[in-house]
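Single-structure report; data block below.
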Amino acid sequence: MMPKNPLSALTIWALKKYRRALQRRQPDGAPAEPSSTEEESSSDRRQAWRRHEDRQLLQRERELEAAQRISEALFQRTDVDEMVEMALRTTLEVLEAEGGSVLLADPEKKQLVFKYSMGPRPVPCGTAMPWDQGFAGAVFQSGKPEIVADAKQDQRHYQRIDELTGFASRDMIVFPLKRWEGKPIGVLEVLNKRDGRLQEDAFSILIIISAFTASAIEQARLFHEAKLAEVVGLMGDVCHDVKNMLMPVLCGAGLLKEEVREVFGELIPVGSERATRSRALCDEVIDILHNDAKRINDRMREIADCVKGLSAPPQFAPCQAADIVDNVLKTLRMLAQERQIDLRTEGLEALPIIQADERRLYNAFYNLVNNAIPEVPAGGSVTIRGQAHPASQEVLFAVADTGRGMSPEVRDSLFTAGAISRKAGGTGLGTKIIKDVVDAHKGHITVESQEGRGTTFLIRLPLCPPGTTSSLSH
């Protein structure tokens with residue numbers, strides 16, 4: 001019968017062959033086998049040598065078993081998190097180490113980010129450090145593994161991680177994780193051997209584990225890119241159709257506005273209070289339809305350009321945040337009124353002019369308010385506040401609601417690929433759009449929320465993002 005997975009079977013065969021080779025080879029560092037001329041104490045020396053050899057072979061057996069388990073898991077599991085966590089757990093078991101972590105590179109921010117961590121006091125997922133500092137940074141930059149006998153005595157030790165977790169690093173091995181072509185994607189750290197110190201004899205298993213771990217991460221990345229390419233192709237078709245369907249809406253809104261003017265002029269006497277109110281309402285609704293249809297058309301064009309690889313950089317220009325927020329609230333006010341929710345602003349008129357991409361900033365505030373409205377009960381409110389910080393050349397925005405708040409699980413997932421949406425049919429893309437806009441402006445966003453206490457998003461933006469030309473007047 002053929003094996004279910006030929007690649008897995010080939011890997012297991014290679015590991016068994018490696019095991020036989022190890023059994024034929026004298027372990028490194030073993031005492032020399034006694035010669036026939038050494039009669040005195042030869043029996044003791046022979047027994048010592050055999051005990052040492054037995055310990056070494058037992059360690060090799062454990063390492064090879066671990067490698068086989070990881071190899072099989074690589075082809076039997078599809079979840080990269082499960083695979084990497086299992087590889088890390090197996091590593092700690094085999095090397096009898098207290099803790100370990102997998103850090104992946106973030107090229108945009110030039111950081112190493114803790115993706116997986118195990119031990120008595122693991123590093124929180126998402127914790128980042130500069131990718132050229134610490135032992136991890138040294139190994140990532142050089143692409144070569146390192147053994148650290150005493151972390152505290154080495155000047156390269158990045159102590160902030162120990163301070164964050166309360167875990168004292170003693171000895172460690174740091175191994176690079178590389179793509180198939182050899183480019184590093186992160187590092188694997190193993191810390192604090194329970195009995196003794198981590199030494200070079202751990203390299204054999206770490207070579208295998210680091211290769212399998214990097215392979216699992218790369219497979220997940222390629223699978224994600226393939227899925228994304230399929231979605232992008234579909235989005236191109238959808239955008240083309242939506243743009244075509246929006247044209248009658250844009251034209252119809254203009255024609256309807258002219259028709260309303262003629263009808264009101266004929267049916268209701270000029271100067272009538274009712275006519276004035278009704279015509280103002282109709283004009284407002286038509287303007288909203290027309291402006292939002294144009295915004296949708298612009299977004300469709302942006303997506304279509306992105307599909308063709310023509311994604312445009314942010315278009316920074318002087319703008320008033322109060323005007324942007326006012327346009328957002330005009331669009332969403334009717335929805336809020338239907339739910340008996342009050343939309344408010346505070347301090348926006350006093351803000352200085354900022355360099356910003358007005359369209360992108362509109363999208364960010366729109367998503368924040370639109371996401372907040374379904375969470376607020378009748379009689380509640382959504383408030384957008386603004387405050388200038390002249391000393392730091394920044395403005396701080398707060399979008400606060402009196403809604404039901406978020407659980408820690410939902411709150412901590414925001415702005416990540418695994419964002420959890422609580423809206424029926426929601427995708428979590430709204431928070432990603434907000435984060436992308438803030439990042440494009442070189443700003444920072446945080447969220448404060450408790451269940452039953454409402455939610456507040458805090459956005460800090462520079463008056464003039466780095467790389468833009470300052471032409472602001474206060």
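Quick notes on this structure:
- Residue in region 177-190 that is among the aromatic types (Phe, Trp, Tyr), over 15 Å from ALA105 (Cβ atoms) and at pLDDT below 80 present: yes
- Qualifying residue in region 307-319 (condition: modelled with pLDDT of 90 or more and either assigned to a loop (DSSP other than H, G, I, E, B) or loosely packed, with under 15 Cβ neighbours inside 10 Å (or both)): yes
- The selection criterion, being on the phi < 0 side of the Ramachandran plot, assigned to a loop (DSSP other than H, G, I, E, B), surrounded by fewer than 17 Cβ atoms within 10 Å (Cβ to Cβ) and in contact with a Ser or Thr (Cβ under 7 Å, 6 or more places away or on another chain), holds for ARG121.
- Pick from region 129-149, criterion in contact with a helix residue (DSSP H, G or I) (Cβ under 8 Å, 6 or more places away or on another chain) and not hydrophobic (A, V, I, L, M, F, W, C), ranking: surrounded by the most Cβ atoms within 10 Å (Cβ to Cβ): GLY134
- Matching option when the condition is part of a loop (DSSP other than H, G, I, E, B) and at pLDDT 90 or above, among GLY386, GLY425, GLY379: GLY379
- Only one entry in ARG295, ARG359 is over 27 Å from ALA378 (Cα atoms), modelled with pLDDT under 85, among the charged types (D, E, K, R) and part of a helix (DSSP H, G or I), namely ARG295.
- Top-ranked residue of region 440-464 - restricted to ones that are charged (D, E, K, R) and modelled with pLDDT of 90 or more, ranked as farthest from ILE373 (Cα to Cα): LYS442
- Complete set of residues in region 167-213 that are within 25 Å of the chain's Cα centre (by Cα) and part of a strand (DSSP E or B): VAL174, PHE175, PRO176, LEU177, LYS178, PRO184, ILE185, GLY186, VAL187, LEU188, GLU189, VAL190
- Selected residue (criterion: surrounded by the fewest Cβ atoms within 10 Å (Cβ to Cβ)) from residues of region 95-118 that are closer than 19 Å to HIS157 by Cα and not aliphatic (A, V, I, L, M): LYS110
- Filtering region 158-169 to residues that are surrounded by 13 or more Cβ atoms within 10 Å (Cβ to Cβ) and without any contact (Cβ under 8 Å) to a residue 24 or more places away in the chain leaves ASP162, SER169.
- Looking only at residues of region 133-166 that are more than 27 Å from the chain's Cα centre (by Cα) and assigned to a helix (DSSP H, G or I), we find that the one that is nearest to ALA105 (Cα to Cα) is ALA151.
- Of the listed requirements (1) in contact with a helix residue (DSSP H, G or I) (Cβ under 6 Å, 6 or more places away or on another chain); (2) modelled with pLDDT under 80, GLY467 misses just one: (1).
- For region 331-356, the candidate set comprises residues that are out of contact with any Asp or Glu (no Cβ under 8 Å at 6 or more places or on another chain) and in a helix (DSSP H, G or I); within that set, the residue that is nearest to ALA293 (Cα to Cα) is LEU332.
Yes or no, residue by residue, for (1) closer than 24 Å to HIS441 by Cβ; (2) in the same structural domain as VAL438 (by TED's automatic domain parsing); (3) touching a residue at least 40 places away in the same chain (Cβ under 8 Å); (4) surrounded by fewer than 18 Cβ atoms within 10 Å (Cβ to Cβ):
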| position | (1), (2), (3), (4) |
| --- | --- |
| LEU348 | yes, yes, no, no |
| PRO377 | no, yes, no, yes |
| GLN387 | yes, yes, yes, yes |
| GLN393 | yes, yes, yes, yes |
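The values are calculated or read from the model by the stated rules, or taken from the named source; none is laboratory data. A quick note: this is a predicted structure, and the numbers were derived from the prediction, not measured. We place every Cβ from the backbone using ideal geometry, glycine too, and count neighbours over all the protein chains shown.
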